């Protein structure tokens, strides 16, 4: 497995182009299977999760034409066949194929998903949403088996919590239901709104995406579509922390301020400067970091996908910060590895008590999931000496050429090939 070797202490300066959002691209690839007409997606990030999602679409029978940051998915010959667990075990997002296949063919067999080991993240809410729309769901030999004795029917779908995945599954399935569907307590994330924009380009009629109430008119008449994926707000937040933790200045091209309000507020509390540019955002720090207390929440609250990165930043602030995780129960797996770098962090249930200001020192560390991996990269950029991060394939799942982008801004970083 590849490793990253980082020598810390370099203030990052330069420009980083933010790639398309992985978490927006994945459901849009699944949504392409709803339609027999081609769907052309642009601004796709060059990350392994997207490549794997396109591969699964091909295994269902889609013809995929890939060209750098774009792909055209022609699902005219797709069938509701079974794809093996070995194919989908590395990523959770393959469960998003369930709704489109069920909606189009009246049946679907999808393996229970894999992915990062950051908590249970059950698919129960996806399945309950489909049941409300008229599906019959069972589990057989590790497969989710969904059928519609009659066609899906429009209804009111009330989610017990604003799950992004369940909202996306319900929205995609409802495009083929008879009548109108109302999703209440829907997730408000920009990626959900971007999926709705993609579906509308394909011929769907969806209103309210980005709010807690989404209305979908079913029986969609599909058409060929072109859609551009939104920039990745989590990648933008990660590079913002990179500028802050090294005391540097980065311009984040394509970053959208309107999607980053909670992160920007946290940075400013910690003494980091943020202002808009003609191309995105500029992040800089030239004063000592201050502490901050953070609680992860559904959008528009502080994102769980930036919790680990901000914990690394809090390690460099003089004083104590409290970071509370409310989304995933096991999302403090990076804490033991940060302590190997000299961090002083105590866990109290769902809260991490970060006593900052102690110098970080390079060491051998192990990545456990996608965001934990990049948290260790950020800490290594600020640490004295050399850090080697093992199992960086996690980073390649969600960050396009992270080591190259950092190196171009002055980081001393090297990929050690296996």
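The values are calculated or read from the model by the stated rules, or taken from the named source; none is laboratory data. The structure displayed is predicted, hence computed values, not measured ones. Please note: Cβ atoms are built from the backbone with ideal geometry, for glycine as well, and neighbour counts cover all protein chains shown.
Here are the numbers:
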read-out: Number of the condition not met by residue 82 [criteria: (1) in contact (Cβ under 8 Å) with a residue 60 or more places away in the chain; (2) buried (at least 19 other Cβ atoms within 10 Å of the Cβ)]; value: (2)
read-out: Meets criteria (assigned to a loop (DSSP other than H, G, I, E, B) and surrounded by 15 or more Cβ atoms within 10 Å (Cβ to Cβ)) for residue 255; value: yes
read-out: Looking only at the range 133-143, and only at residues there that are touching a helix residue (DSSP H, G or I) at 6+ places or on another chain (Cβ under 8 Å) and outside any strand (DSSP E or B), the one that is modelled with the lowest pLDDT; value: 142
read-out: Test: residue in the range 222-238 that is more than 30 Å from residue 130 (Cβ to Cβ) and in contact with a helix residue (DSSP H, G or I) (Cβ under 7 Å, 6 or more places away or on another chain); value: yes
read-out: Test: residue in the range 154-172 that is assigned by TED's automatic domain parsing to the domain that holds residue 72, farther than 17 Å from residue 95 by Cα, free of Cβ contacts under 8 Å to residues at least 24 places away in the same chain and in contact with a helix residue (DSSP H, G or I) (Cβ under 7 Å, 6 or more places away or on another chain); value: no
read-out: Some residue of the range 89-101 being over 23 Å from the mean Cα position of the chain (by Cα) and either closer than 16 Å to residue 176 by Cα or modelled with pLDDT under 95 (or both); value: no
read-out: The range 194-212, subset in contact with a helix residue (DSSP H, G or I) (Cβ under 7 Å, 6 or more places away or on another chain) and within 18 Å of residue 303 (Cα to Cα), residue surrounded by the most Cβ atoms within 10 Å (Cβ to Cβ); value: 194
read-out: The range 1-22 residues that are over 21 Å from residue 245 (Cβ atoms), paired with ones that are modelled with pLDDT under 95 and assigned to a loop (DSSP other than H, G, I, E, B) (beta carbon under 6 Å, 6 or more apart); value: 1/391; 1/418; 2/392; 2/417; 2/418
read-out: Residue selected from the range 400-418 under the condition modelled with pLDDT of 95 or more and part of a loop (DSSP other than H, G, I, E, B), by the criterion nearest to residue 21 (Cα to Cα); value: 400
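Every residue, every condition in (1) at pLDDT below 95; (2) closer than 30 Å to residue 70 by Cβ; (3) buried (at least 24 other Cβ atoms within 10 Å of the Cβ), yes or no:
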site	(1), (2), (3)
129	no, no, yes
187	no, yes, yes
192	no, yes, yes
214	no, yes, yes
217	no, yes, no
